[in-house]
Every structure is written in structure tokens, then in C-alpha cells.
């Protein structure tokens with residue numbers, strides 16, 4: 001348990017709650033560093049990196065302030081006058097009154113975790129009501145140093161990050177518009193890698209590049225990632241031709257590839273993430289034009305299932321829980337009745353924005369029911385499980 005002595009922009013100076021001498025520690029996020037041990041992590045292995053030098057100036061400033069506060073608070077206890085009938089007298093107390101000192105001591109004894117568990121929900125509610133959902137800020141330490149990831153992250157972000165960091169190719173499978181591309185961009189950002197992207201590849205040269213009639217080589221996103229290092233994302237892998245995937249498989253397995261310009265060894269920071277709407281089993285009623293991926297292709301990848309994130313939907317609707325509940329209920333109803341229809345984050349965000357300028361029913365019709373036959377919309381409506389104002393407005397449109 002720690003008590004906070006001083007707070008800064010990025011760092012906090014803390015001290016064990018039972019400390020009797022000034023032995024401060026520095027906290028960055030959830031990591032704790034010891035200034036008396038070359039800024040190395042507390043309880044970490046000798047190989048773990050010390051606090052980034054970029055924080056040195058802030059650390060020294062906060063430590064100095066913390067020491068001053070510590071010394072000021074070590075005030076002698078009140079002394080009794082031995083004279084009869086005398087009252088308690090106190091020595092000079094500087095800027096602290098006796099009451100302020102007692103309050104400070106009481107607050108200091110409260111464990112940080114207890115304060116957070118009590119105050120955080122109230123603070124979060126106030127922030128959402130006042131400013132809306134604020135973007136997350138996550139610090140990730142890796143081989144390329146420490147990097148900051150901004151924005152709301154998917155619940156599977158950390159899983160994908162850990163797999164990619166171990167240089168294991170990943171195949172993300174999930175419905176259209178569930179945030180697979182965003183996860184890949186954030187993983188690249190977290191690892192300090194350049195992000196390269198390609199849609200479904202149906203011809204070999206779109207992956208390998210080609211030499212034109214003038215002898216000039218035309219690079220591809222795959223070539224740049226392979227040779228310079230970076231995270232290469234192949235979107236809609238299940239819509240790419242099997243012949244092309246054989247090339248990708250060889251590059252992943254061998255760590256070298258014969259481009260039109262010659263043989264190239266993969267950069268040590270070359271990473272691969274693929275994505276698709278199916279599990280590689282071929283076309284289905286919702287996603288037509290998908291190829292069945294062979295066992296060799298699937299064997300190269302760790303498979304992670306990505307679904308629509310409730311946290312992301314709350315963020316893009318500014319914490320409108322009623323709207324998020326309705327949309328997720330609508331999506332489940334679509335799945336139950338086996339109607340081919342996608343409700344992406346874009347549709348949710350569009351509905352949220354339009355209901356600011358239109359009647360709620362009109363916003364639902366424009367943003368959500370577009371392209372749906374009335375009979376299909378009616379069928380979906382009758383499968384909705386939760387009653388709320390959005391369902392009531394939809395009823396007036398379809399019944």
C-alpha cells in the first residue's frame with residue numbers, strides 16, 4: 001500500500017503507508033521505480049529497463065517537493081505546560097495548523113486503493129456528464145522503448161498486442177466494422193512499428209510488386225514492411241486468392257522471400273496480422289465471395305475472435321447506455337432471425353449524431369433501417385428483448 005506525496009503530469013511520488021523514514025518511490029501508470037536504485041522497477045528483474053530518461057526532470061522536481069512536504073509534516077507533538085490549570089500549547093507550526101496536520105495525517109493513512117475504489121466511480125460519472133467519454137491513454141514498454149497509445153481500445157487489444165510482440169502472426173476474425181483495423185493500428189503504435197496495410201489480394205504482383213517496362217521496381221506495402229520492418233496487415237484474407245496466400249505463407253515461414261528485385265531476408269521487426277469476416281471456412285449467407293483457407297494458411301496464425309465492443313460503443317455515443325443497449329439488442333435479433341444485415345460502429349455513431357438534429361424515429365430510419373425491407377425490419381423488431389424509447393420509436397416505423 002502506498003500514500004501519494006506529490007502528483008505530477010506523468011509521475012506520482014509515493015511512499016509505503018507504514019514508512020517511518022523518507023524513502024520515496026516513483027509511480028508511472030502502474031509501474032513503480034526506486035530513485036535509490038538507479039530508477040529501476042521495484043520488484044523487477046535486473047534486466048528490466050529503468051525509468052525512461054525523458055521523465056528525469058519531472059522526477060527530480062517532484063522528489064524535491066515531496067521531501068519538503070515530508071519534512072514540514074514531521075512536526076513535534078504538542079507539549080503540556082506543567083503549570084496548574086494550563087492549556088495545551090503547540091510549537092511553531094509554519095503553514096500548517098494543528099487541524100490541517102491531523103487531517104493530512106488521516107488522509108495519508110487511507111490506502112490509495114481504497115480511495116480509488118470509492119472516488120473513481122464518482123469522478124468518472126462527473127467527467128462523462130461534463131465532458132463526455134474521454135480518450136484512454138496507455139503507456140506500453142517494449143523492445144523499441146516506451147510508446148503511448150491514445151484512444152479507446154478494444155477489449156482484445158492487449159491479447160493481440162502480446163501475441164504480435166512475440167512475433168507470432170495473428171488472424172483476426174469478426175464481423176464487418178468491429179474495429180479489426182483500428183486494433184492493428186494501435187498495436188503497431190504501441191510497439192513503435194510502422195503500419196502497412198493491404199486489402200484482399202487477388203493478384204500476385206499486388207503483394208510482391210513488379211518491374212515495369214522501364215526497369216523500375218514498384219514497391220508494395222508488403223515489400224516495405226518485409227524489408228524495413230513494420231506491422232503488415234492483410235485485410236479480408238479470406239477474400240484473397242489461395243495462390244497469393246501460398247506466397248505469404250512462404251514468407252512467414254522462411255523469413256526470406258524472392259521479390260522481383262531478388263532474394264530479401266525479413267527485417268527483424270517484420271510482423272504480420274491478417275483479418276477476415278469468417279474463420280476461413282469459406283462463404284456463408286452473410287459473407288459471400290470468401291475462399292476456404294487451407295490448413296497450411298491457418299496453421300501459420302494464432303486466431304483471435306473480435307466482436308463489437310460495448311466500451312467503444314459507449315464512447316462513440318457519449319455514454320448513452322440506452323442507445324448502446326438497443327443497438328446490441330438489435331444486432332442479436334438480426335442474428336437470431338438469420339437476416340443478412342450489418343450494424344457497424346459507423347451506423348451506431350451516425351444514429352447518435354442524427355438524433356441530435358432529427359426526431360429519434362427519423363434518426364433510426366435514416367441511420368439504422370436503411371436498406372432493410374419493412375417485413376425484415378418488422379421481424380427484427382418482434383425479436384427485440386428490451387423495452388426502451390428506441391424500441392418504441394422503431395415500433396412506429398415498422399408496425
Completion exercise
Only one of 326, 270, 259, 330 is farther than 30 Å from residue 152 by Cα, modelled with pLDDT of 90 or more, over 21 Å from the mean Cα position of the chain (by Cα) and crowded, with 19+ Cβ neighbours inside 10 Å, namely 259
Practice task
Would you mind telling me which numbered condition in (1) assigned to a loop (DSSP other than H, G, I, E, B); (2) more than 12 Å from residue 63 (Cα to Cα); (3) in contact (Cβ under 8 Å) with a residue 24 or more places away in the chain residue 3 fails?
Solution key: (1)
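So that you can scan it fast, the table gives a plain yes or no per residue for (1) at pLDDT below 90; (2) in contact with a helix residue (DSSP H, G or I) (Cβ under 7 Å, 6 or more places away or on another chain):
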position: 154; (1), (2): yes, yes
position: 184; (1), (2): no, no
position: 195; (1), (2): no, yes
position: 210; (1), (2): no, no
position: 222; (1), (2): no, yes
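For every residue, the table says whether it meets (1) crowded, with 17+ Cβ neighbours inside 10 Å; (2) closer than 19 Å to residue 252 by Cβ.
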| residue | (1), (2) |
| --- | --- |
| 183 | yes, no |
| 194 | no, yes |
| 200 | yes, yes |
| 207 | yes, yes |
| 211 | no, no |
| 217 | no, no |
| 223 | yes, yes |
| 227 | yes, yes |
| 231 | yes, yes |
Practice task
Please verify whether the range 237-244 includes one or more residues that are modelled with pLDDT of 85 or more and touching a strand residue (DSSP E or B) at 6+ places or on another chain (Cβ under 9 Å).
Solution key: no
Completion exercise
Across the range 44-68, the tally of residues that are under 28 Å from the mean Cα position of the chain (by Cα) and within 19 Å of residue 4 (Cβ to Cβ) stands at 4
Handout entry: Which listed residue, of 26, 51, is surrounded by 12 or more Cβ atoms within 10 Å (Cβ to Cβ), assigned to a loop (DSSP other than H, G, I, E, B) and at pLDDT 80 or above
Key = 51
Fill in the blank from the handout: Within the range 215-269, residues being in contact (Cβ under 8 Å) with a residue 60 or more places away in the chain and part of a strand (DSSP E or B) number 1
Problem - Which listed residue is surrounded by 15 or more Cβ atoms within 10 Å (Cβ to Cβ), out of contact with any strand residue (DSSP E or B) (no Cβ under 9 Å at 6 or more places or on another chain) and at positive phi, from 371, 319 - result: 319
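The values are calculated or read from the model by the stated rules, or taken from the named source; none is laboratory data. Keep in mind that this is a model prediction, so the values were computed, not measured. Every residue, glycine as well, gets a Cβ built from its backbone with ideal geometry; the counts of neighbours run over all protein chains shown.
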